[in-house]
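Below is one structure, written out as structure tokens; the observations come after it.
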Amino acid sequence: MYLYFLGTSASVPSRDRNMSGTALVLCAERGTFWLIDCAEGTQHQLLRSPLRLSKLEKLFVTHLHGDHIYGIPGLLSSRAAQAVTRPLAVYGPPGIRDFIQHGLSTRQSPLSYGLQIEEIASGLVYKDSDFTVTAQLLEHGIASYGYRFQEQDRPGHIRTDKLREFGIPEGPILQPIKKGQSIVLPDGRTIAPKDLVGPVRRGRCVVICGDTVPTAQTIELAKDADVLVHEATFAMSESAHAWRKFHSTTQDAARLARDANVKTLIMTHISVRYDQAQCARLVAEAMAVFENTHLAHDHWQFEVVASPRLHQIEGMTAPPATGM
């Protein structure tokens with residue numbers, strides 16, 4: 001599992017940064033990728049990446065500002081032009097269905113794939129045998145959500161040292177163990193899974209937030225995550241301006257990461273006013289509060305590695321919405 005950043009600019013593009021788009025790449029887990037937000041220009045960014053539209057499985061929209069959604073109609077149409085047949089599910093705030101349907105109504109031709117659009121609220125968004133996705137309403141002046149992508153815990157590996165200890169050969173005899181069942185050896189011994197299997201492997205967790213001022217809801221959503229991707233539109237010197245625009249600063253994001261006990265913070269949604277040299281200052285500001293901080297740039301990827309923490313959110317209740 002890794003993150004691939006397709007767009008990391010705020011509001012408008014720059015020469016070096018496209019607007020918002022982040023891929024959660026699940027090649028090893030399910031052979032697909034999920035996209036979080038899809039700004040204008042995302043298709044071009046995909047063409048310059050190792051990702052292919054045919055592998056896109058789900059699109060999660062944080063909010064309905066143009067720099068997060070204007071690329072969706074073109075992306076959906078290009079997928080059809082390529083005769084992609086893999087179904088696509090889209091999740092987003094109320095209004096996303098009308099936006100997409102209006103954008104597609106001018107095509108006057110059917111899509112080549114099934115399109116499912118779900119308008120969300122805080123709480124469970126999606127769950128299968130691999131992942132649980134929950135959403136949390138944040139605070140941006142309009143409905144803006146963060147998403148928590150929680151991988152299910154996985155069984156531990158079969159320990160080869162224990163196989164040698166019990167004199168058990170590798171092969172079909174181990175199939176019941178892999179399913180959590182005991183086996184009976186030819187000499188009559190009964191071996192339980194706990195005798196051969198290592199500790200449960202904690203599922204990895206990624207939290208990606210839409211545009212927002214710092215909120216307690218973010219801390220709840222990101223609690224003990226392996227990676228928090230959070231906007232840091234402005235430097236600390238412009239904190240008053242950030243609040244007026246319902247955005248966060250570098251140290252706002254860093255404090256949230258610290259208070260949520262996340263492993264890694266990745267800042268994105270950077271104002272075009274900051275050039276490459278100034279971006280180094282943005283990183284330094286955040287690191288003064290939370291050391292394990294990165295600032296994303298377009299076409300950068302980050303591998304998600306599970307931390308040993310055991311905390312996992314099983315469910316979530318929506319706190320009262322504020323600033324709406």
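All of the numbers you see were taken from the coordinates with simple rules; none came from a lab. Not measured: the values here are computed from a predicted model. Ideal geometry is used to build each Cβ from the backbone, glycine not excepted, and the neighbour counts take in all protein chains shown.
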Could you run the Karplus curve 6.51 cos²θ - 1.76 cosθ + 1.60 with θ = phi - 60° over region 133-138 and give me ³J(HN,Hα) per residue in whole Hz, x for Gly and Pro? 10, 10, 10, 9, 5, 10
What are the ³J(HN,Hα) couplings of region 232-244, residue after residue, when phi is run through the Karplus curve with 6.51, -1.76, 1.60 and θ = phi - 60°? Round to Hz, x for glycine and proline. 9, 5, 10, 6, 4, 5, 10, 4, 5, 5, 4, 5, 4
Can you list the residues, at least 5 places off or on another chain, whose amide H is less than 5 Å from the amide H of residue 212, using H built in the peptide plane? 248
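Taking every DSSP beta bridge with both residues inside region 70-172, roughly what % is antiparallel (nearest 5)? If you can, show how the numbers build up before the last one.
Values: 11 of 16 bridges.
Antiparallel bridges: around 70 percent, rounded to the nearest 5.
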Which of 96, 266 has the fewest Cβ neighbours within 10 Å, and the rest in rising order: 96, 266
Given the C-alpha centroids of region 255-292 and region 102-132, what is the distance between them in whole angstrom? 32 Å
